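Reviewing the structure listed below.
The values are calculated or read from the model by the stated rules, or taken from the named source; none is laboratory data. As the structure is a computational prediction, the values presented were derived from the model and not from experiment. Ideal geometry is used to build each Cβ from the backbone, glycine not excepted, and the neighbour counts take in all protein chains shown.
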């Protein structure tokens, strides 16, 4: 989550527009994971510091989901169900973080995002990210 010249402010929203946010993040690179929840909801993730994330909508418009190791809370629009972001704490990421779903960033083209893939399905975090997707089975 180091500061880079590629970080800039981006607007984001869910499908129906009930949830809106702004985030300062490097949206030129993102990650995908094959764990059970990521496989189901399909986010393209990027990590931001909490100070670089501003929710423009009242939190009452959001529902939440926490699972597994309870490292993060995922936030969804109550109206359209889109997963917009997560908040959590993980020392390996520098402590508190916001995981933004780049699919919800309004001013980028996902074809321009350089992706890496994580093997969460097999709890293989030590394997690190790689350019090819890990197996889902």
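Could you tell me whether residue 34 is in contact (Cβ under 8 Å) with a residue 40 or more places away in the chain, closer than 30 Å to residue 122 by Cα, surrounded by 19 or more Cβ atoms within 10 Å (Cβ to Cβ) and out of contact with any helix residue (DSSP H, G or I) (no Cβ under 8 Å at 6 or more places or on another chain)? Lay out the reasoning, then the answer.
Working: in contact (Cβ under 8 Å) with a residue 40 or more places away in the chain: yes; closer than 30 Å to residue 122 by Cα: yes; surrounded by 19 or more Cβ atoms within 10 Å (Cβ to Cβ): no; out of contact with any helix residue (DSSP H, G or I) (no Cβ under 8 Å at 6 or more places or on another chain): yes.
Spelling it out, it is not the case that residue 34 is in contact (Cβ under 8 Å) with a residue 40 or more places away in the chain, closer than 30 Å to residue 122 by Cα, surrounded by 19 or more Cβ atoms within 10 Å (Cβ to Cβ) and out of contact with any helix residue (DSSP H, G or I) (no Cβ under 8 Å at 6 or more places or on another chain).
Between 121, 130, which is over 18 Å from residue 85 (Cβ atoms) and surrounded by fewer than 12 Cβ atoms within 10 Å (Cβ to Cβ)?
None of the other options fit; the residue is 130.
Which condition from (1) farther than 26 Å from residue 137 by Cα; (2) within 15 Å of the chain's Cα centre (by Cα); (3) free of Cβ contacts under 8 Å to residues at least 60 places away in the same chain is the one that residue 61 breaks?
(2)
Tell me, please, whether a residue that is touching a helix residue (DSSP H, G or I) at 6+ places or on another chain (Cβ under 8 Å), assigned to a loop (DSSP other than H, G, I, E, B), surrounded by 14 or more Cβ atoms within 10 Å (Cβ to Cβ) and modelled with pLDDT of 90 or more can be found in region 92-111.
Yes, that holds for at least one residue.
Residue check: is residue 87 touching a helix residue (DSSP H, G or I) at 6+ places or on another chain (Cβ under 8 Å) and either surrounded by 12 or more Cβ atoms within 10 Å (Cβ to Cβ) or not in a strand (DSSP E or B) (or both)?
In short, yes.
Report yes if residue 22 is more than 16 Å from residue 105 (Cα to Cα) and surrounded by fewer than 19 Cβ atoms within 10 Å (Cβ to Cβ), otherwise no.
In short, no.
Could you please let me know if residue 107 is out of contact with any strand residue (DSSP E or B) (no Cβ under 6 Å at 6 or more places or on another chain), in contact (Cβ under 8 Å) with a residue 12 or more places away in the chain and under 19 Å from residue 5 (Cα atoms)? Even if it seems obvious, please write down each step before you answer.
Details: out of contact with any strand residue (DSSP E or B) (no Cβ under 6 Å at 6 or more places or on another chain): no; in contact (Cβ under 8 Å) with a residue 12 or more places away in the chain: yes; under 19 Å from residue 5 (Cα atoms): yes.
Judged against the criteria, residue 107 is not a match.
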